[in-house]
């Protein structure tokens with residue numbers, strides 16, 4: 001257990017500059033987007049004194065700014081889900097030798113990399129929430145008093161389409177669904193990486209087939225709409241999800257302990 | 001070289017570093033947990049407001065069976081909500097639900113929900129056909145295909161015994177190229193009637209030789225007892241000019257011994273002054289013939305003498321059967337191509353006595369609104385209509401015979417707030433349903 | 001004792017190991033000899049569980065499990081296996097964190113002996129320095145066995161001398177050492193046993209001193225016999 005924590009701390013420390021980098025990037029892009037929108041509206045406000053501009057409207061107007069702010073960190077994290085393994089294999093210094101020969105088995109290694117990625121993802125999501133407060137302060141600071149309009153936080157949060165659909169949906173159930181699927185995706189990705197590291201090209205083929213199988217099995221219950229009720233389909237999908245998570249963990253642990261080649 | 005020590009000693013400097021390396025992990029974990037729980041844990045219910053159907057006038061008991069469904073919009077995403085006297089229910093539809101709703105072809109039907117809750121194993125997989133029920137029986141009828149021939153699949157549930165049976169009926173040896181439509185199903189005492197319309201396509205693809213047949217089937221054995229052909233004048237003509245429409249018994253729990261058949265013909269060379277949407281041709285002028293068909297003895301009664309109908313009357317009216325009573329309710333919505341009317345005309349004929357028993361008109365303003373929804377719902381001899389005053393939905397229930405208001409309900413917020421208008425602006429409650 | 005039995009390994013279609021069996025005893029320096037690509041590195045990695053065998057068993061002191069293995073066996077690979085951005089002291093820290101058998105005092109002494117600067121970065125070391133650091137990482141732990149993969153390849157003469165000194169010290173004498181090399185000349189005098197691999201099999205498994213005394217041959221002579229035919 002302590003090996004796991006040490007390895008987790010190690011993985012987090014190795015990524016700290018990149019993580020800080022994408023956090024700063026998101027901050028800057030969103031601040032600039034908000035500032036630009038307020039500036040645009042200020043000009044409109046000069047013509048029409050009645051046209052107030054609430055924080056929610058600012059958010060509604062800056063969809064593409066937020067998309068830009070979010071898509072790069074997402075790409076970086078996705079890439080690192082692969083690189084967190086591959087960076088230690090290739091190059092002149094194969095650190096994977098050390099990671100694979102630590103006393104205490106390979107499971108701590110696997111879980112430390114997995115939870116590191118998840119920690120980065122949730123940290124970025126939390127960071128985005130924090131940023132909303134920062135942006136609100138920026139709004140209050142930049143917008144002339146006469147142009148401001150009060151609005152509650154929920155309204156602002158739900159004005160952003162990316163938030164509503166993917167990142168921070170209004171209901172916790174939707175959040176759990178989205179991120180549950182995201183975690184499964186990472187698990188499948190890791191399994192694919194370990195398959196490739198164990199069986200090279202055959203491993204890539206196996207990994208792709210495995211991923212396709214997972215997706216198919218998860219969607220399959222939804223095609224039974226004629227014979228099953230919604231609640232039953234939901235229950236089956238949930239069970240399939242649980243089994244897929246378990247299978248991914250089990251396969252990955254076996255591969256990383258017995259089949260992987262340094 | 002023996003100077004290499006084999007003793008074990010930990011240096012102090014290392015211990016300090018050991019603790020500091022966990023700091024980053026702890027910070028990130030703390031931020032994530034605290035921020036996300038604050039966001040999702042804090043007053044989650046505030047996101048979708050709670051509504052309630054409140055009685056403004058009249059009998060509470062009537063309001064019990066009413067529910068209004070629609071959407072509450074957060075951003076551009078609609079969240080499906082149901083409002084009734086006890087409160088609000090939201091399905092909290094997840095993307096998966098929406099995805100599945102798109103996959104399956106059935107929509108949401110209030111009547112079905114009640115049946116599905118009461119008889120889950122019987123109702124499984126049944127969504128395309130017609131159903132009818134009495135105290136004793138629940139009947140589900142579908143058309144199914146076997147070896148290129150259409151046949152009726154009758155699923156019967158004896159509610160008391162909990163037993164269900166399935167019968168397949170092929171009557172008259174229907175050949176392959178016939179088209180068959182199940183027009184109506186009616187349980188009548190110990191029998192069930194299927195009204196089937198069969199037609200043959202002609203060379204141009206229009207239907208010809210429409211034949212309406214009433215098959216009388218015994219509920220307990222599933223055997224066909226009788227086959228009655230209903231001869232409607234004009235059915236020999238091709239469908240471009242001749243159409244048949246059947247009015248099913250919508251009242252739900254009273255078995256009406258009749259069904260209404262509307263036979264219409266496009267009058268040659270006549271066109272109305274109204275344009276159809278999308279710049280199509282001018283709407284043809286049609287003449288309508290109304291018939292009442294009695295299930296018990298197969299009698300077909302012409303109603304035109306009672307109902308000297310104009311073009312506007314028959315075409316735009318909705319018909320409801322309540323036992324022996326036939327109501328025609330017409331609003332002016334159809335004319336304006338919208339779903340809201342400013343008034344409704346109600347006319348009633350008693351089919352057993354072949355005589356009028358009521359006729360009146362109600363305007364939306366009488367009920368306190370600018371518009372009223374169309375079509376209306378009819379149940380238990382009561383007409384239910386949704387009103388939309390300042391986009392705050394209201395429901396009015398009128399006694400069908402007398403035209404008197406017996407109930408009025410309005411949708412209110414559970415907790416009244418200052419910005420009620422904003423909340424209602426994001427709501428679109430426009431579908432009236434009667435809970436079974 | 002490290003006991004390798006009937007090891008088979010296929011790599012990219014080629015049979016790298018085709019039934020290799022031999023033992024490496026504690027207190028002895030055993031050398032795996034072979035031409036390039038003979039499977040020497042593969043065998044060391046297989047002992048360390050870094051590479052799975054297609055067939056065969058490897059037992060350390062009669063036991064096959066991996067859990068305690070890494071406290072008993074050290075591995076010194078041919079490339080310094082620490083991230084290039086790490087400073088040497090961070091590498092030492094790593095070993096201290098994860099291995100109970102790590103001896104930090106000895107590590108400091110070895111660092112001093114090899115004249116290594118703990119603040120240097122792994123990525124900036126020359127090949128010789130990196131090799132020395134690898135030895136620090138491998139030898140400072142109190143392990144019973146040490147596996148070394150090509151410890152002398154590409155190293156300058158002086159570094160080689162220093163490494164040679166370490167080989168003759170008590171540091172090594174008390175343990176079992178398994179070395180791979182294809183340049184046997186430099187270290188022949190240090191070896192106790194030599195296992196010669198050819199075509200994925202053990203061609204000769206000799207006791208060096210015995211061969212020298214009885215047949216008057218050096219290991220190099222034996223090598224010529226095996227590899228030049």
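In the range A:84-187, which helices (runs of 4 or more DSSP H) lie fully inside it and hold 3 or more residues that are at pLDDT 90 or above?
On the way: elements: A:96-100, A:107-142, A:153-157.
Passing ranges, in order: A:96-100, A:107-142.
Which one of these is away from chain A (no Cβ under 14 Å) and part of a loop (DSSP other than H, G, I, E, B): C:116, C:110?
Details: C:110 fails: part of a loop (DSSP other than H, G, I, E, B).
Going through C:116, C:110 in turn, the sole match is C:116.
Residue B:312 meets all of the listed conditions (1) part of a strand (DSSP E or B); (2) in contact with a helix residue (DSSP H, G or I) (Cβ under 9 Å, 6 or more places away or on another chain); (3) at pLDDT below 75 but one, namely (1). Residue A:215 falls short on exactly one of the conditions (1) in contact (Cβ under 8 Å) with a residue 40 or more places away in the chain; (2) in a helix (DSSP H, G or I), and that condition is (1). Test residue A:120 against the criterion of being closer than 23 Å to residue B:26 by Cα, surrounded by 20 or more Cβ atoms within 10 Å (Cβ to Cβ) and touching a helix residue (DSSP H, G or I) at 6+ places or on another chain (Cβ under 9 Å), and give yes or no. Taking the combined requirement at face value, the residue satisfies it.
Of the set (1) touching a helix residue (DSSP H, G or I) at 6+ places or on another chain (Cβ under 7 Å); (2) more than 14 Å from chain B (Cβ to nearest Cβ); (3) surrounded by fewer than 17 Cβ atoms within 10 Å (Cβ to Cβ), all apply to residue A:198 but (3). Picking from residues in the range A:6-50 that are in a loop (DSSP other than H, G, I, E, B) and either buried (at least 21 other Cβ atoms within 10 Å of the Cβ) or free of Cβ contacts under 8 Å to residues at least 40 places away in the same chain (or both), the one that is nearest to the other protein chains (Cβ to nearest Cβ) is A:50. Residues that are in contact with a helix residue (DSSP H, G or I) (Cβ under 6 Å, 6 or more places away or on another chain) and within 7 Å of chain C (Cβ to nearest Cβ) within the range A:90-103 comprise A:101, A:102, A:103, listed in sequence order.
Does residue B:398 satisfy the condition of being over 17 Å from residue B:343 (Cα atoms) and in contact with a helix residue (DSSP H, G or I) (Cβ under 9 Å, 6 or more places away or on another chain)?
So residue B:398 fails the test.
Would you be able to say whether some residue in the range C:29-41 is within 12 Å of chain A (Cβ to nearest Cβ) and touching a strand residue (DSSP E or B) at 6+ places or on another chain (Cβ under 7 Å)? Within the range C:29-41 (the criterion being within 12 Å of chain A (Cβ to nearest Cβ) and touching a strand residue (DSSP E or B) at 6+ places or on another chain (Cβ under 7 Å)), the answer is yes, since at least one residue qualifies.
Looking at the range A:115-123, can you tell me whether even one residue there is more than 26 Å from residue B:41 (Cβ to Cβ) and within 13 Å of chain B (Cβ to nearest Cβ)? Step through it out loud before you land on a result.
Of all residues in the range A:115-123, those more than 26 Å from residue B:41 (Cβ to Cβ) come to none.
Scanning the range A:115-123 turns up no residue that is more than 26 Å from residue B:41 (Cβ to Cβ) and within 13 Å of chain B (Cβ to nearest Cβ).
The single residue among A:255, A:238, A:249 that is under 14 Å from residue A:191 (Cβ atoms), modelled with pLDDT of 90 or more and within 23 Å of the chain's Cα centre (by Cα) turns out to be A:249. When residue C:137 is tested against (1) closer than 21 Å to residue C:17 by Cβ; (2) in contact with a helix residue (DSSP H, G or I) (Cβ under 7 Å, 6 or more places away or on another chain), just one condition goes unmet, and that condition is (1).
Among the residues of the range C:73-102, those identified as touching a strand residue (DSSP E or B) at 6+ places or on another chain (Cβ under 6 Å) and either without any contact (Cβ under 8 Å) to a residue 60 or more places away in the chain or more than 7 Å from every other protein chain (Cβ to nearest Cβ) (or both) are C:73, C:74, C:76, C:78, C:87, C:95, C:96, C:99, C:101, C:102.
The values are calculated or read from the model by the stated rules, or taken from the named source; none is laboratory data. Just so it is clear, the model here is predicted, and its values are computed rather than measured. Counting neighbours? That spans all protein chains shown, and the Cβs are built from the backbone with ideal geometry, glycine included.
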